[in-house]
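**Q** This structure is in structure tokens; I'll ask about it shortly.
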Amino acid sequence: MSTLRKLLAAMLAIVSLALATPAAAGGEPGKCTGSFVNPITDICWSCLFPISIGALDIWPSNRPDPDNPDLPLCLCGIRPGIAMGFWEPVRLADVSMKPWCFVNLGGTKLDPGFDIGFRSISGPSAIGGASQYYSSWHVHWYAYPLIYWMEIVADFLCLEAGSIDILYISEIDPLWQDSELTAIINPEAVLFANPLALAACAADCAASTANLPLDEMFWCAGCQGSMYPMNGNVSASIGHVQASRLVLSRFAYKLHRELVSWGTMGSAGLCGKYLMPVMRKQQYRFQMTNPNPATSGRYACAPIGASTTLQEPGQVIPAIGEDMGYLVWRKRNCCAL
């Protein structure tokens, strides 16, 4: 009788393993939320500006802008042109603590069929009355050349060309989830893991909030914290907006370090993109698209490291709006025909 019971138990175990599936969307804490980005009403169109020719702003703006080439004329090989400067929406990004949560695709949560990426689910919590300020995030990076595919400007070679596509999913990147493995691409992190280097980031915080971040302080993400490690593990998570913007800044830096993203600003970018393994923070602006799109105001598309005090109200709705979506604006200097 005992032998029969053991045989039945073994058969039940085999059936259970055969029917078992990886952790699915419904088994994770919280629900993936989000909405599709409306390319008309959810975009901060004033973030396109200023537009410049040389050092002259032909369409000025009150938004901070890095220096442009001084001369209005440029030369790429034997081709002359006009040195233009403008801001272009080129990427969308999901930033969520829920793996496989595609915020900007309507809050869709996929079940990939395996459990990769699920290990790092973590968020701020309170245990025994003591707050735990650690959080862990994933990022999805989309190609989103909005101006090009909407054909707002025709026959302009300076625009990023292409169509909407998913370019990078952090769940399948082992460097994104393990801080020890991340050291492979940012070994210099040990030089800035000290109180003095972190205290110096206060200057970057003030500069990025008032005007532009300090590119010389490349290890700082302004008011959000440190750029290191270049992964989704945030040890000083104050709120969803602060932590998600920090993670997005790190992710952009990581792509530059891996030579996936290149430089497009300044005199060096007039004739094409160039290698920028140490990211210049002034090249980017981040605009919130989810849960509520930021379409107007001074900080609608704030620079990397700017204070999130004025960006947080209305952006975190408990149990409904805790997944973040961003539109990435990139500074472009180009020698136009």
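**Q** Could you report the accessible area of Phe192 in Å², rounded to 10, computed with a 1.4 Å probe on the protein chains as they sit in the structure?
**A** Approximately 30 Å² of Phe192 is accessible to the 1.4 Å probe.
**Q** Quick one: ranking Ser267, Ser244 by accessible area, 1.4 Å probe, largest first, what do you get?
**A** Descending accessible area places them as Ser267, Ser244.
**Q** Work out how much length Glu312 to Ala236 would gain on full extension: take 0.36 nm times their residue separation and subtract the Cα-Cα distance, in nm to one decimal.
**A** Numbers: separation 76, 0.36 × 76 = 27.36 nm, distance 1.67 nm.
That works out to 25.7 nm of additional length.
**Q** What are the residues whose amide H is under 5 Å from the amide H of Phe102, where those residues sit 5 or more places off or on another chain and H is modelled from the backbone?
**A** The list, which skips near neighbours in sequence, is Thr108, Lys109, Leu110.
**Q** Got a sec? Which residues in the stretch 197-214 would a label at Asn62 touch, if it sits 7 Å along Cα→Cβ and we count backbone N under 15 Å?
**A** So the set is 210-211.
**Q** Sticking with this structure for a sec: Around Ile184, with a cut-off of 13 angstrom between Cβ atoms, what is the net charge of the other residues, counting Lys and Arg +1 and Asp and Glu -1?
**A** On the way: positive: Lys254, Arg257; negative: Asp173, Asp178, Glu180, Glu188, Glu258.
My count for the surroundings of Ile184 gives -3.
**Q** Between Ile185 and Val278, what is 0.36 nm times their sequence separation minus the Cα-Cα distance? Round to one decimal in nm. Please report the intermediate quantities before stating the final value.
**A** Working: separation 93, 0.36 × 93 = 33.48 nm, distance 1.13 nm.
Extra length from Ile185 to Val278 when fully extended: 32.3 nm.
**Q** Also, I was wondering about something else. Let me cross-check Lys31: its accessible surface, 1.4 Å probe, with only protein heavy atoms counted, in Å² to the nearest 10?
**A** Counting only protein heavy atoms, Lys31 exposes about 150 Å² to solvent.
**Q** Step through the residues of the stretch 260-274 one at a time and calculate ³J(HN,Hα) from phi using the Karplus curve (6.51 cos²θ - 1.76 cosθ + 1.60, θ = phi - 60°), rounding each to whole Hz and writing x for Gly and Pro.
**A** 8, 9, 10, x, 10, 10, x, 4, 5, x, 4, 9, x, 6, 9
**Q** Keeping all protein chains in place and using 1.4 angstrom, which order do Thr209, Thr264 fall into by accessible surface area, from largest down?
**A** Details: Thr209 35, Thr264 0 Å².
Ranking Thr209, Thr264 by accessible area, largest first, yields Thr209, Thr264.
**Q** In the stretch 294-312, whose amide N lies under 19 Å from the spot 7 Å out along Cα-to-Cβ of Thr41? List them in ranges.
**A** Residues passing the 19 Å test: 294-297.
**Q** On a C-alpha basis, how far is the centre of the stretch 263-337 from the centre of the stretch 197-244 in Å? Whole number, if you could?
**A** What the calculation gives is 14 Å, centre to centre.
**Q** While we're here: Rounded to the nearest 10 Å², what accessible area does Met276 have for a 1.4 Å probe in the complete protein model?
**A** That residue has around 10 Å² of solvent-accessible surface.
**Q** Can I ask one more? Just reorder Thr308, Thr295 by solvent-accessible area, largest first, 1.4 Å probe, all chains present.
**A** Numbers: Thr308 15, Thr295 55 Å².
Heavy-atom accessible area, descending, gives Thr295, Thr308.
**Q** Rounded, prolate or oblate: which one fits the stretch 187-266, using the alpha carbon gyration tensor with axes a ≥ b ≥ c (rounded when a/c is under 1.5, else prolate when a/b beats b/c, else oblate)? Let's see the in-between values first.
**A** Numbers: a/c = 1.26, a/b = 1.14, b/c = 1.11.
Taking the square roots of the gyration eigenvalues as a ≥ b ≥ c, the stretch 187-266 is rounded.
**Q** Also, quick follow-up: For Val90, what is the net charge nearby, where nearby means another residue's Cβ is under 14 Å from its Cβ and Lys, Arg count +1, Asp, Glu -1? Present the calculation step by step, with values, prior to reporting the outcome.
**A** Working: positive: Arg91, Lys273, Arg285, Arg330, Lys331, Arg332; negative: Glu88, Glu160, Asp165.
Charge balance in the 14 Å sphere: +3.
**Q** Something else now. Over the stretch 219-312, what is the relative contact order in whole percent, taking alpha-carbon pairs under 8 Å and six or more residues apart?
**A** Numbers: 124 pairs, mean separation 26.2, N = 94.
Relative contact order here is 28 percent.
The values are calculated or read from the model by the stated rules, or taken from the named source; none is laboratory data. Worth saying up front: this structure is predicted, and the values here are computed from it rather than measured. We place every Cβ from the backbone using ideal geometry, glycine too, and count neighbours over all the protein chains shown. We work out accessible area using only protein heavy atoms, side chains counted, and drop any ligands, DNA or RNA first. Shrake-Rupley method; radii C 1.70, N 1.55, O 1.52, S 1.80 Å.
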